[in-house]
1. Would you pick out the residues in the range 215-242 that are open to solvent by 30 Å² or more (accessible area, probe 1.4 Å), of a type in the set (Asp, Glu) and within 16 Å of ligand 2 (Cβ to nearest atom)?
2. Look at SER9 and say whether it is open to solvent by 60 Å² or more (accessible area, probe 1.4 Å), small (Gly, Ala, Ser) and either away from ligand 2 (no atom under 16 Å from the Cβ) or farther than 30 Å from LEU151 by Cβ (or both).
3. Could you list, in sequence order, the residues of the range 277-297 that are closer than 17 Å to ALA127 by Cβ and open to solvent by less than 10 Å² (accessible area, probe 1.4 Å)?
4. Residue under question is ILE195, and the condition is that it be outside any helix (DSSP H, G or I) and either within 16 Å of ligand 1 (Cβ to nearest atom) or not charged (D, E, K, R) (or both); does it hold?
5. Any residue that is within 23 Å of GLU189 (Cα to Cα), modelled with pLDDT of 95 or more and aliphatic (A, V, I, L, M) - is there at least one of those in the range 116-127?
6. Name the helices (runs of 4 or more DSSP H) wholly inside the range 47-149 in which the number of residues that are in contact with a His (Cβ under 8 Å, 6 or more places away or on another chain) and within 16 Å of ligand 2 (Cβ to nearest atom) is 1 or more.
7. Can you tell me which of SER231, SER305 is within 18 Å of the chain's Cα centre (by Cα) and away from ligand 1 (no atom under 16 Å from the Cβ)?
8. Kindly list the number of the only condition in (1) within 15 Å of the chain's Cα centre (by Cα); (2) at negative phi that fails for ILE201.
Amino acid sequence: MLKPNKLVSKNFLSSLDTSSEEVYHLLEIAKNFKNKDLDIKFKDKVLGLIFDKSSTRTRVSFQVAMSRLGGTSIDLNPTTSQIGRGEPIKDTARVLSKYCDLLAIRTFNQSDLEEYAKWSSIPVINALTDFEHPCQALADFMTIKEEFTNLENVVLTYIGDGNNVANSLILCGALLEVEVRIACPLGFEPNPLIIEKANKIYKKNKNLLKIINDPLSAVIGANVLYTDVWSSMGEESKKEEKDVLFRGFTIDNDLLRKANEDAIVLHCLPAYRNKEITDEVIESKNSRIFEQAENRLHAQQALLSCLLC
Ligand code: CP
Ligand code: NVA
């Protein structure tokens, strides 16, 4: 029977905290959990959740995953704990390390997440920062692999903001040697550091990462179309301006028809229907958006088991 192997890195702060072999292993473990071929328990283990931003999928799927593993979770609401009062991260992290076995943290700055990791003696998981969303990328590639089995010739086109979700897709895509095209309006390209890191990972300088400003050319030959909101959490004041700048970057039926016939459509959710993606496309036969959301649970159960074992 397949068993979870411990990850080399103590923490999962970035997609780059795993090697490509480890990502494949996580996806395999996740598949086994999904198919109910794997049943391992981490009785009495406790996951602490610190969410400085709202969440439905990440929070609930972590709690359910922990429960399926025989453990439990505590939702440390910053407004009712001393976190919201501004207790220093180095104090909170050391105290929580005495009670919990893992922490999953959703916050704004990647540097705050790193500060938690620095002062925690237990593994820290990135449950989304402004910079990355690595748990999302695991579920995304699990969904893509379910569809195409072999990732070798998959072309993933992400249309929209070069944000946290795009950054983790790029890094995880590079680890898996997948061609990733990012089509974004001028000025909304992913972070240059992410691009540089990804280009170093691809073997033999294959140039499989493409940053394009034209969505039409980016979808030709694509197997996966992916989008996310144009304005992320924390960018509420930019919403009106970005809605104008992102015109023409909506995944609609016209754009979908230009991709491969068997192309699937993904969105990490929550979506603004008829902004970055039309209602019709979300509900179309090409959409795997709700399978993708389900896979958050299995991918995170795999991640937790590979951090706890
Ligand atoms: N995709 C995602 O992270 O969703 P939530 O914000 O609901 O957790
Ligand atoms: N980019 C979005 C993702 C939400 C899951 C945000 O950060 O708000």
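The values are calculated or read from the model by the stated rules, or taken from the named source; none is laboratory data. This structure is a prediction, so every number in the text was calculated from the model and none was measured. Counting neighbours? That spans all protein chains shown, and the Cβs are built from the backbone with ideal geometry, glycine included. The protein model used for the area step is the full one, side chains on, heavy atoms only, and it has no ligands, DNA or RNA in it. Shrake-Rupley method; radii C 1.70, N 1.55, O 1.52, S 1.80 Å.
1. Residues satisfying the conditions are GLU235, GLU236.
2. Numbers: open to solvent by 60 Å² or more (accessible area, probe 1.4 Å): no; small (Gly, Ala, Ser): yes; either away from ligand 2 (no atom under 16 Å from the Cβ) or farther than 30 Å from LEU151 by Cβ (or both): yes.
No, not satisfied.
3. We begin by selecting, within the range 277-297, every residue closer than 17 Å to ALA127 by Cβ; these are 292-293, 295-297.
GLN292, ASN295, ARG296, listed by residue number.
4. In short, no.
5. Checked the range 116-127: at least one residue is within 23 Å of GLU189 (Cα to Cα), modelled with pLDDT of 95 or more and aliphatic (A, V, I, L, M).
6. Helices (runs of 4 or more DSSP H) meeting the threshold: 134-148.
7. SER305 is the lone residue from the list that is within 18 Å of the chain's Cα centre (by Cα) and away from ligand 1 (no atom under 16 Å from the Cβ).
8. (1)
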